[in-house]
Amino acid sequence: KGGGRAIVDALVRGLEKNGGQIRLKSHVDHIIVDDGNRARGVVLSNGEKIFASKAVVSNAPLWNTADLLRSQTTHSKGAREFTSYADSIAPTNSISHLHLGISAEGLDTSGLEPHQVVVQDWDRPIDAERNLIVVSIPSLLDPSLAPEGHHVVHAYLAGNEPYDIYTSPNVKDKASYERLKEERSAVLWEALEKSIPDIKQRVIKGANMTASPLTHERFLRRHKGAYGPNIPAGKESFPGAKTQIEGFLRCGDSCFPGVGVPAVAASGINAANSIASIDEHLQLLSDLRDSGLYDDTLTKPASA
């Protein structure tokens with residue numbers, strides 16, 4: 001309940017409960033790496049320095065993280081190795097979105113799914129350009145996400161929208177950019193019309209937003225608006241939390257186990273586990289057990 005924001009709010013509560021602090025509008029300029037190849041902290045764009053007590057952890061995409069280390073490559077072998085690795089990994093294609101608010105008056109929702117995937121052509125590879133479309137109507141599960149009598153709808157191209165077409169010489173100004181967005185979002189409308197044929201007539205004025213790979217790049221700071229790193233299953237593997245720099249760890253969708261909210265959450269746990277001591281692990285398990293959130297009956301060793 002509460003949509004994606006509920007996940008963010010839960011993370012914030014957990015951080016602040018344990019003494020953490022959220023710093024907004026605090027852009028990191030670079031990571032401090034000393035001559036001994038250990039991460040010591042970060043420098044913000046306003047010049048403020050924040051030093052780490054245990055470790056520096058980055059959940060930024062691989063390439064954005066590498067940019068934070070480039071100024072350290074002259075004296076840090078680890079920084080050189082990390083940036084070289086990042087430069088060798090290609091990003092996936094990007095994402096285009098439709099965000100809509102629609103009227104539900106007279107809408108038969110009995111056959112609607114809150115989350116579905118539409119494949120345009122099963123004879124093409126599943127990751128072919130604009131072939132796979134994800135459609136979400138979260139207000140079917142949680143009516144509080146939309147005003148009464150309405151629904152929120154999100155349709156997107158899942159990592160199969162090329163970035164480069166939006167930066168080509170043909171996109172000369174805002175007008176040509178908007179035309180391109182409209183043209184490229186046509187397949188999203190087609191996918192939605194399979195479930196809601198009159199959806200265009202249902203859209204509420206002012207509740208129709210189209211986002212492109214450039215939107216992803218600008219507002220989410222995604223390198224080329226990428227969905228994540230293009231690491232083919234079975235050929236390469238996502239790296240773990242530890243890096244070539246002592247005291248510098250990573251989490252997020254550029255790390256094991258991969259892209260998506262559950263995988264990214266697991267990568268954060270991996271990073272935290274790499275920092276915490278064994279005693280801290282045991283204390284946390286004890287606290288969870290005492291609070292009734294963890295049952296260790298099946299994990300206890302058999303008594304002699």
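The values are calculated or read from the model by the stated rules, or taken from the named source; none is laboratory data. What you see is a predicted model, and the numbers here were worked out from it, not measured in a lab. Every residue, glycine as well, gets a Cβ built from its backbone with ideal geometry; the counts of neighbours run over all protein chains shown. What goes into the accessible areas is simple: the full protein's heavy atoms, side chains included, and nothing from ligands, DNA or RNA. Shrake-Rupley method; radii C 1.70, N 1.55, O 1.52, S 1.80 Å.
Assorted remarks:
- Here region 75-190 is assigned +1 on the Cβ of each Lys and Arg and -1 on the Cβ of each Asp and Glu. Its dipole about the Cα centre then comes out at about 580 debye.
- Ser274 accessible area, assembled protein chains, probe 1.4 Å, Å²: 50 Å²
- Stokes-Einstein D for region 211-295, Kirkwood Rh over Cα pairs, 25 °C, 0.890 mPa s (µm²/s): 163 µm²/s
- Under 5 Å from the amide H of Arg40 lie the amide H atoms of Ile32, Val33, Asp34, each residue being 5 or more positions distant or on a separate chain, with H modelled from the backbone and absent for Pro and chain starts.
- Using θ = phi - 60° in the Karplus curve 6.51 cos²θ - 1.76 cosθ + 1.60, the 3J(HN,Hα) couplings for region 214-222 round to 5, 5, 4, 5, 6, 8, 10, 6, 8 Hz; x is entered for Gly and Pro.
- Which of Ser58, Ile199, Gly4, positive extreme of dipole for the chain (C-beta unit charges): Ser58
- Where Phe256, Phe219 fall by accessible area, highest first, once all protein chains stay in place (1.4 Å): Phe219, Phe256
- Förster-model FRET efficiency, 35 Å R0, Arg23 and Asp127, C-beta, rounded to 0.05: 0.45
- Accessible-area value, Ser96, 1.4 Å probe, nucleic acids and ligands omitted, Å²: 10 Å²
- Charge dipole magnitude, Cβ of K and R +1, D and E -1 - region 57-139, Cα centre, debye nearest 20: 580 debye
- When only Cα pairs below 8 angstrom with a gap of at least 6 residues are kept, the chain shows a relative contact order of 20 percent.
- Neighbour net charge for Val135 - beta-carbon separation under 10 angstrom, K R +1, D E -1: 0
- Cα gyration tensor, region 69-113 - rounded (a/c under 1.5), prolate or oblate: prolate
- Where trypsin sites (Lys or Arg not before Pro) fall in DSSP loop in region 216-264, at most 15 other Cβ within 10 Å: Arg221, Lys235
- Estimated purely from DSSP H runs of n ≥ 4, each contributing -39500 (n - 2.57), the mean residue ellipticity at 222 nm for the chain is -9000 deg cm²/dmol once divided by its residues.
- Region 14-70: trypsin sites (Lys or Arg not before Pro) in DSSP coil with no more than 12 other Cβ atoms inside 10 Å: Arg23, Lys25, Lys54
- Largest first and in whole Å, the equivalent-ellipsoid semi-axes of the chain read 38, 28, 19, each the square root of five times a Cα gyration tensor eigenvalue.
- Rg over Rh for region 128-180 works out to 1.17, using Cα positions for both radii and the Kirkwood form for Rh.
- Compactness of region 6-122 was expressed as the Cα radius of gyration divided by 2.2 N^0.38 Å, which yields 1.59.
- Linear extension gain, Ala10 paired with Ser144, 0.36 nm per residue minus alpha-carbon span: 46.5 nm
- Accessible area per residue was computed with a 1.4 Å probe on protein heavy atoms; Tyr177 scores about 40 Å².
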